[in-house]
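Trainee: This is the structure, below, for whatever I ask next.
Just so it is clear, none of the values below were taken in a lab; they were calculated from the coordinates. On a predicted model such as this, the values are computed, not experimentally measured, just so you know. When we count neighbours, we look across all protein chains shown, and the Cβ atoms used for this are built from the backbone with ideal geometry, even at glycine.
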Amino acid sequence: MEKTYTCIICPTGCKITVTFDENHNIISIKGNRCPHGKEYVQQEVTNPTRILATTVRIKNGILPLVPVKTEKPIPKRLLIDAMNVLAKVEVNAPVKIGDVIVENILNTGVNVIATRSIPKK
Amino acid sequence: MIERNVDLAIIGGGPAGLAAAIKAKELGIGNVLILERDNQLGGILPQCIHSGFGLHYFGKDLTGPEFAERLINRVNELGIEAKLNTMVIELNNDKTIIAVNPTDGLLKIKPKAVILAMGCRERSRSAIQLPGTRPAGIFTAGTAQRLINIEGYLPGKEVVILGSGDVGLIMARRFTLEGAKVKAVAEIMPYPGGLPRNVVQCLEDFGIPLYLSHTVIDIKGKNRVESVTIAKVDKNFKPIPGTEKEIKCDTLVLSVGLIPENELSKGAGVEIDPRTGGAFVDENLQTNIQGIFACGNVLVVYDLVDYVVESAEIAAQGAKEYLENGKLPESKIKVEHDKTIRFVVPHYVSGQKDVIFVMRVSEPMENVKLMIEELGIKITQPHVVPSEMIRLKLSRKLISKAKDKITFRIVKG
């Protein structure tokens, strides 16, 4: 299989073409102008990860939502599943920035934490 | 009317205003007052819940709310006074400020120096003269962002986005994560308006189609948006007949540019550069009125909040020197550019200070050089795009070689 990625490491935005077999073993990488591009596409082909940032509901807070994020990037394929977990979460005010909202989401070993302090109403 | 004398008044409590206040206080300016019209500090940051902020300034990848909370905590630690719910309604050329809020009523503030940090506003439907009916369901990207991230409403389920600026791209992802279907992002230019990082992580990650050289030519719907018609445009941005595509949707989101919010500045007689929409400034970010400075997105729309903060610190430093000496050294070297570049800020320099220049190119170019002939500077740029600001720091020593002007341009090869 062959796929072209836009490298996002720097503004150059190299178009990097990768060929890989059905087990995502890389056969060739072309188009990168520096080693970072190679690392980037290796990660993208084998295990792309993203930070997920969203909100969860909060009771008795000054606002109806508290913004949250995964403390570390999680596998990209789990983003929607993680959203479904977080859609059912409701916390109580007050919440402090950095508080763990969901521990070890989807067994990724990554916590979801609050990114803003929300005092009580 | 309550009257107040302060050393430094800062109009706006977003990242630029907060960072300017922090720096000013740290430099020893006594009486600093922030005036903020919202009921909270932080400006637009609290609704920008995604990450990607602070890599330069804090050396950490933070979300908007985290970035804001760090600045606000520092403002509180330093005991800086911030008046919330306070709308500045007038700024005069003698720096007198008239403001109003529900507790003080009318306020007259007489600062020795002023920093403008009002940020920018989104271009709206009427600003780009979109045809079609006028149903509910048309939002600017920032409004949609506030509804989803702060207030907890999903403003639509089937969405078309016009414009590929960063906020639009971020909202494409946000709508998708919240369960809405983003059917298309249309961009009138032949290249994306936002950062490549956002094109990849907000559109490509979710298979959202990006239609370059396309615009909206019709909006249908009586009470609510029912469909949006997009079409390909030619070189002169005229829709090409036969390329129309009607997309059923209930929501149209506009991400079609940001404009520095300079009504107050103009009222005071601050001269505005039509290229940036912000003030003409010298290397201290002082406007044509001595003692009035501008920083952040009210000066020029920056790519990154880190650069907004950087400009705020330069303005605070300038204000400090102004307050100490009663004036700043004259900046006699004019900063010019040819048509390969859209703008360069600052507009005047003295040659007595190191200066950080920011600029945007006119169009994407490959394998070019950024040249300043007067200083003998040629810097290789493998790839330049308008969406990525070029930032260049030049030393005092280098700039002092110039006589009366320096000219930035992009040359081939």
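Trainee: If each Cα of region B:297-413 is one equal point scatterer, what is log10 of I(q)/I(0) from the Debye formula at q = 0.10, 0.15, 0.20, 0.23 Å⁻¹?
Mentor: Taking Cα atoms of region B:297-413 as identical point scatterers yields -0.32, -0.70, -1.18, -1.42.
Trainee: Once every Cα of the protein assembly as shown carries one equal point scatterer and solvent is ignored, give the base-10 log of I(q)/I(0) from the Debye formula at q = 0.05, 0.11 Å⁻¹, two decimals.
Mentor: -0.21, -1.09
Trainee: Pairs of alpha-carbon atoms within less than 8 angstrom and 6+ residues apart define the contacts here; what relative contact order does region A:2-46 have, in percent?
Mentor: Relative contact order for region A:2-46 comes out at 33 percent.
Trainee: Let me ask something additional. Normalise the Cα radius of gyration of region B:256-322 by 2.2 N^0.38 Å (N = residues in it) and let me know the number.
Mentor: That ratio works out to 1.04.
Trainee: Pairing the Cα long axis of helix B:305-325 with the longest principal axis of chain B, what angle in degrees results, from 0 to 90 and rounded to the nearest 10?
Mentor: Between helix and principal axis, roughly 20 degrees.
Trainee: For chain B, take every pair of Cα atoms, bin their distances at 20 Å starting from 0, and report each bin as a whole percent.
Mentor: The distribution over chain B is 26, 54, 20, 0, given as percents.
Trainee: Would you mind getting me the FRET efficiency between A:HIS36 and B:ILE356? Use the beta-carbon distance for r and R0 = 22 Å, nearest 0.05.
Mentor: 0.30
Trainee: For region B:31-44, in order, what is each residue's ³J(HN,Hα) by Karplus, 6.51 cos²θ - 1.76 cosθ + 1.60 with θ = phi - 60°, in whole Hz (x at glycine and Pro)?
Mentor: Coupling constants for region B:31-44: 10, 10, 10, 9, 10, 10, 7, 7, 8, 9, 8, x, x, 7 Hz.
Trainee: Once the Cα atoms of helix B:166-177 and of chain B are each reduced to a long axis, what angle between those two axes, in degrees from 0 to 90 to the nearest 10, is obtained?
Mentor: 50
Trainee: Another question about this same structure. Based on the alpha-carbon set only, what is the convex hull volume of region A:77-121 divided per residue, in Å³?
Mentor: Convex hull volume per residue, Cα atoms: 73 Å³.
Trainee: Taking every alpha carbon pair in region B:1-126, what does the distance histogram look like in 5 angstrom bins from 0, in percent?
Mentor: Result returned by the calculation: 2, 11, 20, 22, 19, 13, 7, 5, 1, 0.
Trainee: Give me the orientation-averaged projected area of the Cα convex hull of region A:2-46, in nm², one decimal.
Mentor: Computed as one quarter of the Cα hull surface, the answer is 2.6 nm².
Trainee: Would you work out which of B:ILE390, B:THR86, B:ALA21 lies farthest towards the positive end of the dipole of the protein assembly as shown? Charges go on Cβ: Lys and Arg +1, Asp and Glu -1.
Mentor: B:ILE390
Trainee: About the Cα centre of region A:2-46, how large is the charge dipole given +1 on each Lys and Arg Cβ and -1 on each Asp and Glu Cβ? Please answer in debye to the nearest 20.
Mentor: 260
Trainee: Just to confirm a number: summing +1 for Lys and Arg and -1 for Asp and Glu over residues other than B:LEU55 whose beta-carbon lies under 10 angstrom from that of B:LEU55, what do you get?
Mentor: -1
Trainee: May I ask which residue of A:ALA53, A:VAL100, A:VAL110 lies farthest towards the positive end of the charge dipole of region A:53-114, with charges of +1 (Lys, Arg) and -1 (Asp, Glu) on Cβ and the Cα centre as origin?
Mentor: Checking the options against the dipole of region A:53-114, the answer is A:ALA53.
Trainee: Would you list the P(r) distribution for chain A, with all Cα-Cα distances sorted into 10 Å bins from 0 and each bin expressed as a whole %?
Mentor: In order of increasing distance, the bins hold 13, 33, 23, 19, 10, 2 percent.
Trainee: Tell me which aspartates and glutamates have Cα within less than 19 Å of A:LYS72's Cα, excluding those fewer than 8 residues away on the same chain?
Mentor: A:GLU39, A:GLU44, A:ASP81, A:ASP99, A:GLU103, B:ASP61, B:GLU66, B:ASP205
Trainee: Follow-up question, since we're still on this one. Can I get the semi-axes of region B:340-383's equivalent ellipsoid? Compute them from the C-alpha gyration tensor as square roots of 5 times the eigenvalues, in angstrom, largest first.
Mentor: 21, 13, 8
Trainee: Hey, could you pull the Cα Rg and Dmax for region B:178-320, both in Å?
Mentor: Gyration radius and largest Cα-Cα distance of region B:178-320: 20.1, 61 Å.
Trainee: Moving to a separate point now. Using only helices, what value at 222 nm comes out for chain A when you add -39,500 (n - 2.57) per DSSP H run of length 4 or more and divide by the total residues, to the nearest 500 deg cm²/dmol?
Mentor: That comes out to -5000 deg cm²/dmol.
Trainee: Using the 2.2 N^0.38 Å rule of thumb for compact globular proteins, work out how region B:82-133 stacks up: its C-alpha Rg over that value, please.
Mentor: 1.64
Trainee: Report the label-to-label distance for A:THR4 and B:ARG74 in nanometres (one decimal), using points 7 Å from each Cα along the Cα→Cβ vector.
Mentor: Spacing of the two 7 Å Cα→Cβ label points: 4.3 nm.
Trainee: What are the lysines whose alpha-carbon lies under 20 Å from the alpha-carbon of B:LYS353, with same-chain residues fewer than 8 places away excluded?
Mentor: Excluding near neighbours in sequence, the set is B:LYS23, B:LYS320, B:LYS327, B:LYS332, B:LYS334, B:LYS393, B:LYS397, B:LYS401, B:LYS403, B:LYS405.
Trainee: Let me ask something additional. Taking the Cα centroid of region B:238-296 and of region A:19-50, what is the distance between the two, rounded to the nearest whole Å?
Mentor: 40
Trainee: With contacts defined as alpha carbon pairs under 8 Å and 6 or more residues apart, what's the relative contact order of chain B in percent?
Mentor: It comes to 15 percent, rounded to a whole number.
Trainee: May I ask you to list the trypsin sites (Lys or Arg not before Pro) in region B:130-229 that are in a DSSP loop and have at most 10 other Cβ atoms within 10 Å of their Cβ?
Mentor: Answer by residue number: B:LYS222.
Trainee: With the contact rule set at Cα under 8 Å and sequence spacing of 6 or more, what percent relative contact order holds for region A:53-114?
Mentor: 38
Trainee: Here's something else I'd like to know. Quick one, can you get me the convex hull of the C-alpha atoms of region B:74-207 expressed as volume per residue in Å³?
Mentor: Normalising the Cα hull of region B:74-207 by residue number yields 210 Å³.
Trainee: Hey, another quick one. Placing +1 on the Cβ of each Lys and Arg and -1 on the Cβ of each Asp and Glu in chain B, which of B:PHE53, B:LEU254, B:GLN145 has its Cα farthest towards the positive end of the resulting dipole?
Mentor: Sorting the options by dipole projection puts first B:LEU254.
Trainee: Continuing with this model, one more query. Got a sec? Which residues in region B:306-335 would a label at B:ILE379 touch, if it sits 7 Å along Cα→Cβ and we count backbone N under 20 Å?
Mentor: From region B:306-335, the list is B:306-315, B:333-335.
Trainee: From the helices alone, meaning DSSP H stretches of at least four residues, give me the mean residue ellipticity at 222 nm for chain B, per-run term -39500 (n - 2.57), in deg cm²/dmol to the nearest 500.
Mentor: Result for chain B, helices only: -5500 deg cm²/dmol.
Trainee: Local charge sum around B:ASP303 (other residues, Cβ-Cβ under 13 Å, Lys/Arg +1, Asp/Glu -1)?
Mentor: Here the charged neighbours net out to -1.
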